[in-house]
Amino acid sequence: MLVFSNPNCTLICKTQVFHPFRSWKQSPNPKLTNSNRLNPKCFRLVCAVGELGQMQEVEDAGPKFRWVEINLNEINDAQRNHIARLPKKLTNRCRALMKQLICFTPERSSISVLLSAWVKSMKPVRADWLVVLKELENMNHPLRFQVAEFALLEESFEPNIRDYTKIIHGYSRQSRLQDAENTLQAMKNRGFECDQVTLTALIHMYSKAGNFNLAKDTFEEMKLLGLPLDDRAYGSMVMAYIRAGMLKEGETLLREMESQQVYAKSEVYKAMLRAYSMSGDSLRAQRTFDAIQIAGIIPDVKICTVLINAYVTAGQSQEACVAFENMRRAGILPSDKCIGLMLDVYEKDNKLKEVLDVLMDLEKDGIMIGKEASEKLARWFKDLGVVEEVERVLRDYGSMDASQNGDRC
């Protein structure tokens, strides 16, 4: 008979250890069957009660579990705070396990034995497992994956393919590729076949890890199976091409997406634009910039700056100036980095008067240049030896602007 006393209480985790052992004592209960006497396995629950080494021992012919209440003086402040923040709506069985997991110390106990004891004592259902896993996820608890993997083997959890996919995706976010693949193999061993969601998670994982071949093989597998390809699957594969330096192939895939009216997320377009910009391929950078707008993404100052950088890197000063003016006409205020790029353009073409006009226009719009642009401007003027002349011109501009404001008043 299973006995569970005080379900709201939990172990003092820094010394909690479950020890399975055998007891060969004859039971005083004459009604026990031969089966019970031949299988007298029980658990001894060791917990701190004051000094280490003191324990409470529960022995019987049948398995029996007792949860000893945590001594708040023997846990740290962080553990007490986590326990205090547990949701009030948690059931007693979930709260009891959460307290033990919060205070769990691997040096003193085994997570599998702890969870086994909870299952045998509490008889959880799938909803209980999901509540515990959700709380561990919210806490970003280091044991959340171990608990999830244990749950996959429990009948009470009633695991399905989506449970495996969630774990694979979780490992992917932590770049734990081998653990994710182990979970995938365990899923297949249970007879589950990969579906669209699982394969998409794998493409994203392999793409993020920079494993282009596995990402491409998985992507092709989805096509062969006739599974629908959504923006996440396409986007992850495009990112795999970008990371592999295969920009043209990635752009071709973007075109394929658009032909099916499937559009990647802004991060994918930005990555493609940035890659072309860094290589100075202004033609494809502009084409990607146009595709961004077709996808319904409104360009911001970062996107515009990357496009301008493509023209500057390509040495196309006129096109960079046009892009800068188009940005300003669209009401997008240039950043300090963007202004710095334009200073590079004007310095290369030795257009001192033009740069002063632009700076004054920016000042009228309430835009003051920052550190990066200021350093570039000072270095340029110093090289020209016209620091005093520029200061005089700026003073003249300032007095003209003040007089015009006075006339308007």
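Some notes on this structure:
- Lone qualifier among GLY315, GLY340, GLY296 - being among the small types (Gly, Ala, Ser), over 30 Å from ALA233 (Cβ atoms) and not in a helix (DSSP H, G or I): GLY315
- So ASN309, is it surrounded by 21 or more Cβ atoms within 10 Å (Cβ to Cβ) and not aliphatic (A, V, I, L, M): yes
- All conditions in (1) assigned to a helix (DSSP H, G or I); (2) surrounded by fewer than 18 Cβ atoms within 10 Å (Cβ to Cβ); (3) not hydrophobic (A, V, I, L, M, F, W, C) hold for TYR346, with the sole exception of (2).
- Per this entry, ALA314 is counted among residues that are closer than 30 Å to SER259 by Cβ and surrounded by 15 or more Cβ atoms within 10 Å (Cβ to Cβ).
- Listed here are the helices (runs of 4 or more DSSP H) enclosed by segment 174-267 that have at least 2 residues being over 23 Å from ALA148 (Cβ atoms), touching a residue at least 12 places away in the same chain (Cβ under 8 Å) and aliphatic (A, V, I, L, M): 212-224, 231-243, 247-259.
- Any pair with Cβ under 7 angstrom, 6 or more apart, that starts in segment 320-335 at a residue that is within 12 Å of VAL358 (Cβ to Cβ) and ends at one that is assigned to a helix (DSSP H, G or I) and among the aliphatic types (A, V, I, L, M): CYS321/VAL345; PHE324/ILE308; PHE324/MET342; PRO334/VAL301; PRO334/MET327
- Scanning segment 95-115 for residues that are part of a helix (DSSP H, G or I) and not aliphatic (A, V, I, L, M) returns ARG95, LYS99, GLN100, SER112.
Table: residues versus (1) surrounded by 15 or more Cβ atoms within 10 Å (Cβ to Cβ); (2) at pLDDT 75 or above; (3) aromatic (Phe, Trp, Tyr).
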position: ALA320; (1), (2), (3): yes, yes, no
position: GLY340; (1), (2), (3): yes, yes, no
position: VAL390; (1), (2), (3): yes, no, no
position: ASP396; (1), (2), (3): no, no, no
position: SER403; (1), (2), (3): no, no, no
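- For segment 205-233, a residue qualifies if it is under 19 Å from ALA295 (Cα atoms) and either aliphatic (A, V, I, L, M) or under 19 Å from the mean Cα position of the chain (by Cα) (or both), and the qualifying residues are LEU229, ASP231, ARG232, ALA233.
- Members of segment 65-94 that are modelled with pLDDT of 90 or more and buried (at least 21 other Cβ atoms within 10 Å of the Cβ): CYS94
The values are calculated or read from the model by the stated rules, or taken from the named source; none is laboratory data. All figures in this text were calculated on a predicted structure; none of them were measured in a lab. All Cβ positions, glycine included, derive from the backbone under ideal geometry; neighbour counts span all protein chains shown.
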